[in-house]
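Visitor: Structure incoming, see below.
Derivation of every value follows stated rules applied to the coordinates shown; laboratory data play no part. Since we're looking at a predicted model, the values are computed, not measured. Glycine gets a Cβ as well: all are built from the backbone with ideal geometry, and neighbour counts include every protein chain shown.
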Amino acid sequence: MAVISYREALNQAMTEEMERDPNVFLMGEEVGHYQGAYKVSQGMLARFGERRVVDTPIAECGFAGVGVGAAMVGLRPIIEFMTWNFSLVAIDQIINNAAKIRQMSGGQFTIPIVFRGPGGCAVQVAAQHSQALEAFYAHVPGLKVIMPSVPSDAKGLLKAAIRDDNPVVFIESETLYSVTGEVPPGEYTISIGKGDVKRPGKDATIVSWSKALHTVVEAAKLLDKEGIDVEIVDPRTLRPLDDEIIFDSVRKTHRCVVVGEGWPVAHFGKEIAYRVQKMCLDDLDAPVEVVTSEDVPMPYARNLELEVLPAAKDVVDAVKAALYVE
Amino acid sequence: MATIIGLPKLSPTMEEGVLAKWIKKEGEAVSPGDIIAEVETDKANMDFPLEDEGTLLKLLVKEGDTVKLGAPVAIIGKPGEDVTALTAQAANAAPAASAPPPPPGPAPAKPPAAAPAKPAPAASSKAAPAPVAGRILASPIAKTLAAEHGIDLRRVKGSGPGGRIVERDVQAMLQDGARAEPAPDEDEAEPEAAPAARAPAARPAPPPPPHPSTGEGEGDDFTDKSLSLMRKTIARRLLEAKQTIPHFYVTGDVDAAKLVAFRADLNAILGEEHKVSINDVIVKAVAAALVRLPAANASFLGDRIRTHGRVHIGVAVAVEDGLITPVVRDADKKGIRAISAEIKELAGRARIRKLLPEEMTGGTFTVSNLGMYGVDVFQAIINPPEAGILAVGAVRKVPVVDGDRLVIGERLTLSLSCDHRVIDGALGARLLAELKKILEHPAILAA
């Protein structure tokens, strides 16, 4: 299998889908001539031309709305946000138009649109540019929320998202773009709403997604040295959530720790914790632990930024708490 | 403060009990260890010992009432305490609670504190809940495991925060082999609940028996009688045994002439008071045969076969409305006279339902004898987790060709039921042959 970066995986997904379907187009700030703020759309302008790779002004609300309108009349837009932080000025288009129109029009319009871009914290971009907003979007019926952690998932899920007839919030990560991994050869998609066991284990289940999953992998190695064997479950999609893959794992390990970036109050991990205690109560040996970012706006200083983010040590501590070991 | 007392587990398989008799009365002072009532369980009438000290303020169930495990039976406290609130609470208590109900909170005179709770910090709180006096704190999986294995959580020491019993505590208890029942010796058979507990999925609850067509036409005459606890247990366990154990049977005749003479000889010496039965000799013979063929003294435990180092023979005893199988421990090491005396004593107490749970569990093989009813031969159902049961018929006189003469011989038919997962045909046949050899030459038993 080919080893490519997360960035290339996204590029391949968009390129393949645009080759396959002339209705698919990409629009956003710097996606064309600059080849993408993070070079995800490298080469796409040259390949598809300005009608299908469209540079926009710095006006998220405007181009998100243009995207919704284009979807209503039959196109399949991919709207790139330079980061999901900027989606906040377009959130009305996403929540009130993209997520609602299919239902409110009695099914007369479908909205096959993908909003994509990096979410969460990068490195020292401070409070306004370091936010993990997945819980905002996962809250909304009518939206699908996808957060892949590795290149193969990024490619298969972005292709599935582009083909989906519903609005999809596709959240990447700036620090994942250069992460490499094996990608299956040829054409493939991954079903939206299907999780993946990234590491089998028996002592505790860790549910994590996107960038935080890599912190969990690091923690798993530390725990391994202490003889604690964790299973890592990556839901890959937060909405719809693959409950059963999580429940199956917890029923085996009897302990559950959820790890995700973002503020602790109403964190998406709390939703997972609720579902696990509801459906696996008799299987649990300890309360479900949820590891999140600290409850503060992100500081600029690097040392403080690292303090705020969930770290491998936090994961190790939470797993030990769930196992009642010091 | 007054407390509700729940019905404890008094036999390994009990799920409910009938309060047969109150020994203590309302108003009586009681201390730990006092027997407050007699309870009819599925196995026997058991004493209900108290673990608390105080005065019996109220008896909540009447004699003859059926009570679920853990359901309230009495209130204990200081003389003169008001038990109105507790009585109401007991009336509302879930009857199927598997643990004694929690002690009540403060009397309702004082409403819950209205002071605003201190807001929890937004970050995940590490604080563990404080232990609640008298309540057993256990994680859900610990409770699930304990219930599956018949472990009394009150006997488990919790290692979690605030003394919470967690999975590893129950696992440790399981590994120690300590169980809710009085602990059997290490190399003994599992108590009966164990094999099923090891593979809970393999033990579907038997469907409720189909309601027979009443066919209430004219002239029908029938009587319905609800099942006693013992009949329920017999129904459940034997159905499970017959459905889940691949039984096969080997049958053969024994020339009983020497056996009959041997017994007569013994009885002439021992006298009327210590008379032994043919069955006593057979129990001894089975124990001796199992010592020679230890592979048959074994249990199927789902993923492995356990061969028992000791030989404990269960002896089926008919009692009113059922059957109880007391166990003669280490029967291979006991003499026939001792075995005989023990069976007499156990059977006597079985008939008045005064056996202790440990006296009817832990067998490694069973003998069932219907000879006294004139039965020639029958096949018995294995008593799990044992791997075999010997069905014994009557000694009968038969014509035997001896050379060219017809003489009167004595024959006894043995039928061995074997669990094929443990005992294969050849081993079953060897065991029967060994028994035949011993019973046809009973002097071996003295060797």
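Visitor: Quickly estimate the mean residue ellipticity at 222 nm for chain A, helices only: each DSSP H run with n ≥ 4 gives -39500 (n - 2.57), and the total goes over all residues, rounded to 500. Provide the component values of the computation, followed by the final result.
Guide: Working: 11 runs with 113 residues, N = 326.
Helix contribution divided over all residues of chain A: -10500 deg cm²/dmol.
Visitor: Right, something else. Could you tell me which of the pairs B:275/B:354; B:24/B:157; A:202/A:270; A:155/A:252 are separated by over 26 angstrom between their Cα atoms in the structure shown? Walk me through the numbers on the way to the answer.
Guide: Numbers: B:275/B:354 24 Å; B:24/B:157 31 Å; A:202/A:270 23 Å; A:155/A:252 30 Å.
Violating the 26 Å Cα-Cα cut-off are B:24/B:157; A:155/A:252.
Visitor: Which one, B:373, A:126, A:286, projects farthest toward the positive side of the charge dipole computed for the protein assembly as shown from Cβ point charges (K/R +1, D/E -1)?
Guide: B:373
Visitor: Using amide H atoms built in the peptide plane, which far-off residues or other-chain residues are under 5 Å from residue A:199 H to H?
Guide: A:232
Visitor: Report ³J(HN,Hα) in whole Hz for each residue of the stretch A:314-326, in order, from the Karplus equation J = 6.51 cos²θ - 1.76 cosθ + 1.60 where θ = phi - 60°; Gly and Pro get x.
Guide: 4, 5, 4, 4, 5, 5, 5, 4, 5, 9, 6, 10, 6
Visitor: I would also like to ask the following. Over all residues in B:244-257, what is the mean tally of Cβ atoms on other chains that come within 10 Å of each residue's Cβ? Mind showing how you got there, number by number?
Guide: On the way: counts 0, 0, 0, 0, 0, 0, 0, 0, 0, 0, 0, 0, 0, 0.
Per residue, the number of nearby Cβ atoms from other chains is 0 on average.
Visitor: Rounded to the nearest 20 Debye, what is the dipole magnitude of the stretch A:24-89 about its Cα centre when Lys and Arg each give +1 and Asp and Glu each give -1 at the C-beta?
Guide: Values: 5 positive and 6 negative charges, 58 e Å.
Computed about the Cα centre, the dipole is about 280 debye.
Visitor: Averaged over peptide A:276-284, how many Cβ atoms belonging to another chain are found within 10 Å of each residue's Cβ?
Guide: Working: counts 0, 1, 0, 0, 2, 4, 7, 5, 6.
Across A:276-284, the average partner-chain Cβ count within 10 Å equals 3.
Visitor: If a/c stays under 1.5 just call it rounded; otherwise compare a/b with b/c (prolate if a/b is bigger, oblate if not). Do that for the stretch B:264-356, with a ≥ b ≥ c from the square roots of the Cα gyration tensor eigenvalues. Could the numbers behind the result be given before it?
Guide: Working: a/c = 2.79, a/b = 1.32, b/c = 2.11.
Taking the square roots of the gyration eigenvalues as a ≥ b ≥ c, the stretch B:264-356 is oblate.
Visitor: If you don't mind, there's one more thing I want to ask. So, by mean Cβ neighbours within 10 angstrom, what's the order for A:167-179, B:229-241, B:162-174 with the highest one leading? Please report the intermediate quantities before stating the final value.
Guide: On the way: A:167-179: 23.6, B:229-241: 17.0, B:162-174: 19.5.
Listed from highest to lowest mean packing, they are A:167-179, B:162-174, B:229-241.
Visitor: In whole Hz and in residue order, list the ³J(HN,Hα) couplings for the stretch B:52-59 that follow from phi through the Karplus curve 6.51 cos²θ - 1.76 cosθ + 1.60, θ = phi - 60°; x for Gly and Pro.
Guide: 10, 10, x, 10, 6, 7, 7, 9
Visitor: Of the trypsin sites (Lys or Arg not before Pro) in the stretch B:4-63, which ones lie in a loop per DSSP and count no more than 12 other C-beta atoms within 10 Å? Please report the intermediate quantities before stating the final value.
Guide: Numbers: sites: B:9, B:21, B:24, B:25, B:43, B:58, B:62; in loops: B:9, B:24, B:25, B:43, B:62.
Those satisfying the criteria are B:25, B:62.
Visitor: A follow-up question, please. Which Cα, out of A:173, A:59, B:85, lies furthest along the positive dipole direction of the protein assembly as shown (beta carbon charges, K/R +1, D/E -1)?
Guide: B:85
Visitor: Taking the Cα centre of the stretch B:279-379 as the origin, how large is its charge dipole in debye, to the nearest 20, when only Lys and Arg (+1) and Asp and Glu (-1) carry charge on their Cβ atoms?
Guide: The calculated dipole for the stretch B:279-379 is roughly 320 debye.
Visitor: Here's another thing I want to ask about it. For the stretch B:1-70 and the stretch A:280-300, what is the separation of their Cα centres, given in Å?
Guide: 45 Å
Visitor: Whole-Hz Karplus ³J(HN,Hα) for the stretch A:89-97, in order, using 6.51 cos²θ - 1.76 cosθ + 1.60 and θ = phi - 60°, x for Gly and Pro?
Guide: 7, 10, 5, 5, 5, 6, 7, 8, 9
Visitor: Order B:334-341, B:420-427 from most to least packed using the mean count of other Cβ atoms within 10 Å. Don't jump to the answer; show the numbers that get you there.
Guide: Details: B:334-341: 18.2, B:420-427: 16.4.
Going by the mean number of other Cβ atoms within 10 Å, highest first, we get B:334-341, B:420-427.
Visitor: Long-range amide H contacts for residue B:36: which residues qualify at under 5 Å (H placed 1.01 Å from N, peptide plane, sequence gap of 5 or more or a different chain)?
Guide: B:48, B:50
Visitor: Work out the length of the dipole vector of chain A about its Cα centre, built from +1 on the beta-carbon of each Lys and Arg and -1 on the beta-carbon of each Asp and Glu, and round it to the nearest 20 debye.
Guide: Working: 32 positive and 45 negative charges, 142 e Å.
Here chain A has a charge dipole of around 680 debye.
Visitor: Could you tell me which of B:289, B:18, B:56 has its Cα farthest along the dipole of the protein assembly as shown towards the positive end, charges placed at Cβ (Lys, Arg +1; Asp, Glu -1), taken about the Cα centre?
Guide: Farthest along the dipole direction, towards plus: B:289.
Visitor: How about the stretch B:344-377: which trypsin sites (Lys or Arg not before Pro) there are in a DSSP loop, with at most 15 other Cβ atoms within 10 Å of their Cβ? Don't skip to the answer; put the middle values down first.
Guide: Details: sites: B:344, B:349, B:351, B:353, B:354; in loops: B:353, B:354.
Taking the stretch B:344-377 and a limit of 15 other Cβ atoms within 10 Å, the loop trypsin sites (Lys or Arg not before Pro) found are B:354.
Visitor: Order B:376-388, B:404-416 from most to least packed using the mean count of other Cβ atoms within 10 Å.
Guide: In descending order of packing, they fall as B:376-388, B:404-416.
Visitor: What's the average, rounded to a whole number, of partner chain beta-carbon atoms within 10 Å of each residue's beta-carbon in B:137-150? Could you put the intermediate results ahead of the total?
Guide: On the way: counts 0, 1, 10, 9, 10, 3, 1, 6, 3, 0, 1, 0, 0, 0.
Mean number of neighbouring Cβ atoms from other chains: 3.
Visitor: Hey, fewest Cβ within 10 Å first, where do A:5, A:249, B:226 land in order?
Guide: Working: A:5 19, A:249 25, B:226 7.
Ranking A:5, A:249, B:226 by Cβ neighbours within 10 Å, fewest first, gives B:226, A:5, A:249.
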